[in-house]
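The values are calculated or read from the model by the stated rules, or taken from the named source; none is laboratory data. These figures come from a predicted structure and were not determined experimentally. Here the Cβ positions follow ideal geometry from the backbone for every residue, glycine too, while neighbour counts run over all protein chains shown.
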């Protein structure tokens, strides 16, 4: 495996990992949407990544793509750097969630292994990002955490927020301002039968928030009662 991967390749591997985290192959159309490019461009790159020795992906036309072990290792390295930088920006420099994510998208490609290890140590070797994503350790082992999704919470139940989606800056800003933050508790007040829109209350602040069905499938919780 080359010592240094281009920014473009790093982005591909990271997005493939995130899309296939649930165990399904990522389609070229989904990758094109994530990367903001054409499906044809994605296909060309996937073919190249499949031919590198050792290959980073296994790609079959019309059947999507998934990472090889080499590709997975490379993806976890960039994800680790991103999450550590993001946490450092928030906890040390006072960045907001949405600001830190955008900065980390840039800095993840330039942070050296030495700086990465110093940031890790300065933060006390954290296991989870500000949004609750597990941070791979220096050996790329991933912390495990049992959870349910907000979409599976029953009306009247209270739960601890473990993880929220982090890729869309506008959603991040909305969640942060609403108090939908890992470490806070929420209570499900109601679920609209016609569209599954949820009305929840943040226990710590008393604020009532409306969450749509799509977003409710991306918020991870631990039920507390």
Open item on the list: residue 109 - would you say it is under 30 Å from residue 210 (Cα atoms) and outside the structural domain of residue 188 (by TED's automatic domain parsing)?
Closed with: no
Open item on the list: Restricting to region 166-208, name every residue that is in a loop (DSSP other than H, G, I, E, B) and in contact with a helix residue (DSSP H, G or I) (Cβ under 6 Å, 6 or more places away or on another chain).
Closed with: 166, 196
- [ ] Might you check whether a residue that is under 19 Å from the mean Cα position of the chain (by Cα), surrounded by 14 or more Cβ atoms within 10 Å (Cβ to Cβ), under 23 Å from residue 103 (Cβ atoms) and touching a residue at least 12 places away in the same chain (Cβ under 8 Å) occurs anywhere in region 147-164?
- [x] yes
- [ ] Check 69, 144, 63 and return the single one that is out of contact with any helix residue (DSSP H, G or I) (no Cβ under 9 Å at 6 or more places or on another chain) and closer than 19 Å to residue 5 by Cα.
- [x] 69
TODO: Within region 129-165, count every residue that is in a strand (DSSP E or B), under 17 Å from residue 87 (Cα atoms) and assigned by TED's automatic domain parsing to the domain that holds residue 216.
DONE: 2
